[in-house]
2 protein chains.
Amino acid sequence: MRALVFNKKLEYVTDYPVPEPKENEALIRITHAGICNTDIEITRGYMDFKGVLGHEFTGIVEKCSNNKLIGKRVAGEINLGCGKCLYCRNQMQNHCPGRSVLGILNKDGVFADYITLPVGNLHEIPKSISEEEAVFIEPLAAAYEIIKQINISSSDKVCVLGDGKLGLLVSQALATTGSKLTAVGKHREKLSILDKTGIKTILKAKFRERDFDMVVDCTGSPSGIKTALKIVRPGGKIVLKTTIAEKSQIDLNQFVINEISLIGSRCGPFPDAIKAIKSGKIDLYPLISDVFSIEDGKKAFKQAAKKNALKVILKIN
Amino acid sequence: MRALVFNKKLEYVTDYPVPEPKENEALIRITHAGICNTDIEITRGYMDFKGVLGHEFTGIVEKCSNNKLIGKRVAGEINLGCGKCLYCRNQMQNHCPGRSVLGILNKDGVFADYITLPVGNLHEIPKSISEEEAVFIEPLAAAYEIIKQINISSSDKVCVLGDGKLGLLVSQALATTGSKLTAVGKHREKLSILDKTGIKTILKAKFRERDFDMVVDCTGSPSGIKTALKIVRPGGKIVLKTTIAEKSQIDLNQFVINEISLIGSRCGPFPDAIKAIKSGKIDLYPLISDVFSIEDGKKAFKQAAKKNALKVILKIN
């Protein structure tokens, strides 16, 4: 099958073996997939991954021991737990120590004609959600994870740092909480997507220090946490979404002196994301920069890594 | 008056001016004071402080507009807020941006014959609490801050890293929550103080990774947070008590991938500490290494900085 494979460098190949579904797994033909910043970070050395890249997708179930699923259009959760450990038995398979992660850790990803996934990872996509919208289910679920982790009230002053793909999704998800939201970025044209939804945006702001109850770092840059530490109020929260290959040198004293909490946040609830897209609350089409074929995968990665790019979609089948 | 003054180096002087209490302040004659690791860090450059060092004390009110306080034995909260800002108006004077901090920031401290403090900062000490015990009220309050910040249940597996003064106080305070507590340190003789109170202790442990719901870093060392990140479970909490002059290089990805929360924790509730000491729940005498006179203040600092030292007390008056 066709696949985009990373092994020290990114290659498009046409002879990658079609994976074989195990018991309780489905074979899924990928129709559309999205390039995430994590994919780009992996090509820079993050996670030391080798194999087929990609974890944001929509596809059609082709083979499955559960006949009812065959032919269904699905999105899929990306963590594959062992099914036996304390975490898996407590609905925390995202944190199973022996897990593999689609296109990120010990499991071939979705930039290919086919993948396999456990049936329990699959979510059927309602008809009213388009192919392009469905590609956003996984990253939007990661945005909704914040709302699952933290009780945000309408009186909270919240700042989202970063106007990349994840920042724009997080801003739209947090806007549904009714909190006093400000989105901050470096690109007028990206922020204008949020302006249209009524979210307050600031370009290259001169911040007031100690001003926000909660700051979400979606910058994908080591500077994000430093800015967050300046603008969060004492006793406030910083939510960290950024993962980057390099280590950061930070002044931990600030956390102690100002009693700030740092909350790491990763994958989230697919049903909440599907519900939000279905309800029309989240405006996704303006977030699509380009659509490429899988054959042009290397070009697609180059495009996705550009500063002005948003979501680059691969139309695979 | 006599004072231990830090200005690039530590000096004992006898001609320091007695401070003059402002309106709503008391003049307090210091009887006993304790040397804290923060004091030692300040002599290494932390906080860039110049002036009289020290913030743990007990003393007698000598002058005060409120006559009832005169002659009373008191401990005192160390943060002096502006009284006007949002934080001061919401019982968060510890976080007032314009605050001074006794012996740490823009305010002469307690290693002297006299200090002044606002009346609102003072707590009368019950007679059943000895002079030596009273010196521990401030650091024990900092230990109780953790219980104020975080809901700890009896099923939680908690680890306290560090068997220094603060670690031993934090362990004893957290033991009162009934949680499954393990205290970890490098000094058999220090941990034996906790053994006697029934707390489980481990010396130079080979930890099981991802094992604890909550880890409290009281190591006072940059290695503490790194160990904490290894042994906390995914979704768990790290409480940071350590403040050190140097910056730390840490892998922030671990917070995101394992959805770990880092909670900075500083000063705490004096009434809780006073109540705990009065009830006899906290065994403080074994934590006292040495008692020095203020004249021997420089010797006292040398002793307090030794690896095997615990609390060094200055008997001032």
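The table that follows gives values for the structure above.
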quantity: GNM result for chain A, Cα springs below 10 Å: residue of A:Leu86, A:Leu140, A:Leu166 fluctuating most strongly; calculated: A:Leu86
quantity: Farthest positive-ward along the stretch A:140-264 dipole, Cα basis, beta-carbon charges - from A:Gly164, A:Gln149, A:Cys218; calculated: A:Gly164
quantity: Relative contact order computed over chain A (Cα-Cα under 8 Å; 6+ residues apart), in percent; calculated: 19 percent
quantity: 5 angstrom amide H check on B:Phe292, placed H, neighbours 5+ away; calculated: B:Ile313, B:Leu314, B:Lys315
quantity: Inter-site label distance for B:Ser293 and A:Lys315 at 7 Å from Cα along Cβ, in nm; calculated: 9.1 nm
quantity: Charge dipole (debye, nearest 20) of the protein assembly as shown; +1 at Cβ of Lys and Arg, -1 at Cβ of Asp and Glu; calculated: 120 debye
quantity: Entries in B:Lys8/B:Lys165; A:Lys241/B:Lys190; A:Lys84/B:Lys230; A:Lys148/A:Lys298; B:Lys9/B:Lys311; A:Lys107/A:Lys302 that, when Cα-Cα distance is taken, lie over 28 Å; calculated: A:Lys241/B:Lys190; A:Lys148/A:Lys298
quantity: Dipole of chain B [Lys/Arg +1, Asp/Glu -1 at C-beta], most positive-end residue of B:Phe292, B:Phe207, B:Val52; calculated: B:Phe207
quantity: Label geometry 7 Å along the beta-carbon vector: B:Val18 inter-copy distances in nm; calculated: 9.4
quantity: Per-residue Cβ neighbour rank within 10 angstrom, fewest leading, B:Lys165, B:Lys306; calculated: B:Lys306, B:Lys165
quantity: Teacher prompt: A:Ser155 distances to equivalent labels in other copies, 7 Å Cα→Cβ, nm; calculated: 3.2
quantity: GNM top mover of A:Lys190, A:Lys68, A:Lys298 - chain A, alpha-carbon springs below 10 Å; calculated: A:Lys68
quantity: Helical mean residue ellipticity (222 nm; -39500 (n - 2.57) per DSSP H run of 4+; nearest 500) of chain A; calculated: -6500 deg cm²/dmol
quantity: Stokes-Einstein diffusion coefficient of the stretch A:85-201, Kirkwood radius over Cα pairs, 37 °C, 0.692 mPa s, in µm²/s; calculated: 197 µm²/s
quantity: Choice from A:Lys157, A:Lys63, A:Lys22 with maximal GNM fluctuation in chain A (Cα, 10 Å cutoff); calculated: A:Lys22
quantity: Calculated over chain A: convex hull of Cα atoms, volume per residue (Å³); calculated: 130 Å³
quantity: About the Cα centre, charge dipole magnitude for chain A (Lys/Arg +1, Asp/Glu -1 at Cβ), debye; calculated: 680 debye
quantity: Cβ-vector label at 7 Å, A:Gly98, separations to other copies in nm; calculated: 6.1
quantity: Cut-off 18 Å, label 7 Å out along Cα→Cβ of A:Lys84, residues of the stretch B:216-258 by amide N; calculated: none
quantity: Kirkwood Rh, Cα atoms: Rg over Rh of the protein assembly as shown; calculated: 1.05
quantity: Under 5 Å, built H, 5+ apart or other chain: amide partners of A:Val216; calculated: A:Cys159, A:Val160, A:Leu161, A:Val239
quantity: Charge dipole of the stretch B:64-190 about the Cα centre (unit charges at C-beta), most positive-ward option of B:Ala134, B:Ala112, B:Cys82; calculated: B:Cys82
quantity: P(r), alpha carbons of the stretch B:1-123 - 10 Å bins starting at zero, rounded %; calculated: 14, 44, 34, 7, 0
quantity: Cα-projected label distance for B:Asn7 with A:Ser130, points at 7 Å along beta-carbon direction, nm; calculated: 7.2 nm
quantity: Rounded to the nearest 20 debye, dipole of the stretch B:214-317 from Cβ charges on Lys, Arg, Asp, Glu; calculated: 160 debye
quantity: Rg to Rh quotient for the stretch B:140-264, alpha carbon positions, Kirkwood Rh; calculated: 0.93
quantity: Rounded to 5, percent antiparallel among DSSP beta bridges of chain A; calculated: 55 percent
quantity: DSSP beta bridges in the protein assembly as shown [antiparallel fraction, %, rounded to 5]; calculated: 55 percent
quantity: In Hz, Karplus ³J(HN,Hα) per residue of the stretch A:154-161 (6.51, -1.76, 1.60; θ = phi - 60°; x = Gly, Pro); calculated: 5, 8, 6, 8, 10, 10, 9, 9
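Read-outs: derived from the displayed coordinates by stated rules, not from any lab. Because the structure is a prediction, the values reported are computed rather than measured. Cβ sites come from the backbone with ideal geometry, for glycine too, and all protein chains shown count toward neighbours.
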